[in-house]
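Heads up, the thing below is written out as structure tokens.
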Amino acid sequence: MEQIVVETYLAEGIVGKSAAIKKVIDLAKKVAPTDSTILISGETGVGKELIARYIHHLSPRQDKSFVALNCGAIPETLLESELFGHKKGAFTDAVADKKGLFEEANDGTFFLDEVGELSSSTQVKLLRVIENHEIRPVGSTEIKKVNIRIIAATNKDLAEAVKNGRFREDLFFRINVIQIHIPPLRERKEDVPLLIAYFLRRYNQQFKKEVTDISDEAMTMLMNYDYPGNVRELENIVQHAIVVAEGSMISKNELPSFVPARQSLPEPVEPIFKTMEEMEKDIVRETLLKCHGNQSLSAKKLGIGRTTLIRKMKKYNIGVRS
């Protein structure tokens, strides 16, 4: 198995050698020193929050807060209070003033994961935050200034959502100043062995085990798998294998059952043999069919006389009209 080396670490927790992931890191480095709003796109499990944290770490805001929120994980009725905070008595359960996450992230970075899940009303309020850098807690008349950098992420096609009226066009343009797309793991398979080695090291330490290698067969299975859950799924697979492994090597038996073994080749088909008479019968019948039953033309194509052809037709009981 390929051993992990310093050069494979593109950033803390970000491992790979593919051109695709290097392109992501290069762009992240370029935009990190700025205050540009960023949209990170990619399938679930590719590491969108990891890249967002990396950008924050390289930015002038690195010593301030990094606040993350999954927009799809909080009910709409609670989301506004979670984001903007509220005043005591603003609603039934508001027993005290509460600072919202936007205010918690002041001077730092706010990461909005799955931003495509926001309702239309919350989209309008987010747009105001980006444009005016102002928030108003629920139940308050006080406007508060906030200085935050917004990094949004989505696993949806927001441009398509704009066309279908599910996402505001003006908000899309405001969060899509810089777009960083993280390709799925199936499109950068050369990163798989390095990621496996990285996760082996991490979970060996966590579980106090010494699973240091992986069999060629197991590696082939992992290289051939398409990872619908991307890097997060590979991490879970390695974690599973380490937990159940009894020795120092991961074999195919330690992999979860949903990782398919290499498909076997189909059984060879037994060749069909024909006698000379059977072959001659087929040729005579096929020639007659192609010549639309014309015996003279068929005999010519077969290189035999018409009388010989008729004799063979009788022999093989081929009743084609003359």
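The values are calculated or read from the model by the stated rules, or taken from the named source; none is laboratory data. Keep in mind it's a predicted model, so treat the numbers as computed, not measured. All Cβ positions, even for glycine, are placed from backbone atoms using ideal geometry, and neighbour counts span all protein chains on display.
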Some residue of segment 261-280 being at pLDDT 85 or above, closer than 30 Å to residue 47 by Cβ and not hydroxyl-bearing (Ser, Thr, Tyr): no
Given (1) within 21 Å of residue 105 (Cα to Cα); (2) modelled with pLDDT of 95 or more, index of the condition residue 239 fails: (1)
Selected residue (criterion: farthest from the chain's Cα centre (by Cα)) from residues of segment 35-60 that are of a type in the set (S, T, N, Q) and under 15 Å from residue 176 (Cβ atoms): 36
All positions within segment 133-153 that are at pLDDT 95 or above and buried (at least 22 other Cβ atoms within 10 Å of the Cβ): 148, 149, 150, 151, 152, 153
Leading residue by the ranking (surrounded by the most Cβ atoms within 10 Å (Cβ to Cβ)) among those in segment 90-122 that are in a helix (DSSP H, G or I) and of a type outside the set (D, E, K, R): 115
Selection status of residue 41, among the small types (Gly, Ala, Ser) and farther than 24 Å from residue 145 by Cα: yes
Single residue of segment 70-89 satisfying the filter (loosely packed, with under 13 Cβ neighbours inside 10 Å and out of contact with any helix residue (DSSP H, G or I) (no Cβ under 8 Å at 6 or more places or on another chain)) that is nearest to residue 175 (Cα to Cα): 73
Residues of segment 119-156 classified as touching a residue at least 12 places away in the same chain (Cβ under 8 Å) and either on the phi > 0 side of the Ramachandran plot or in contact with a strand residue (DSSP E or B) (Cβ under 8 Å, 6 or more places away or on another chain) (or both), total: 22
Search result, residues across segment 269-292 that are assigned to a loop (DSSP other than H, G, I, E, B) and surrounded by 12 or more Cβ atoms within 10 Å (Cβ to Cβ): 291
Residue, nearest to residue 30 (Cα to Cα), within segment 171-218, restricted to residues that are without any contact (Cβ under 8 Å) to a residue 24 or more places away in the chain and surrounded by fewer than 18 Cβ atoms within 10 Å (Cβ to Cβ): 173
Residue check for residue 74: of a type in the set (A, V, I, L, M, F, W, C) and more than 26 Å from residue 140 (Cβ to Cβ): no
Residue list for segment 300-320, filter: of a type in the set (A, V, I, L, M), farther than 10 Å from residue 288 by Cβ and assigned to a loop (DSSP other than H, G, I, E, B): 304
Count - residues of segment 86-118 that are in contact with a Gly (Cβ under 6 Å, 6 or more places away or on another chain) and free of Cβ contacts under 8 Å to residues at least 40 places away in the same chain: 3
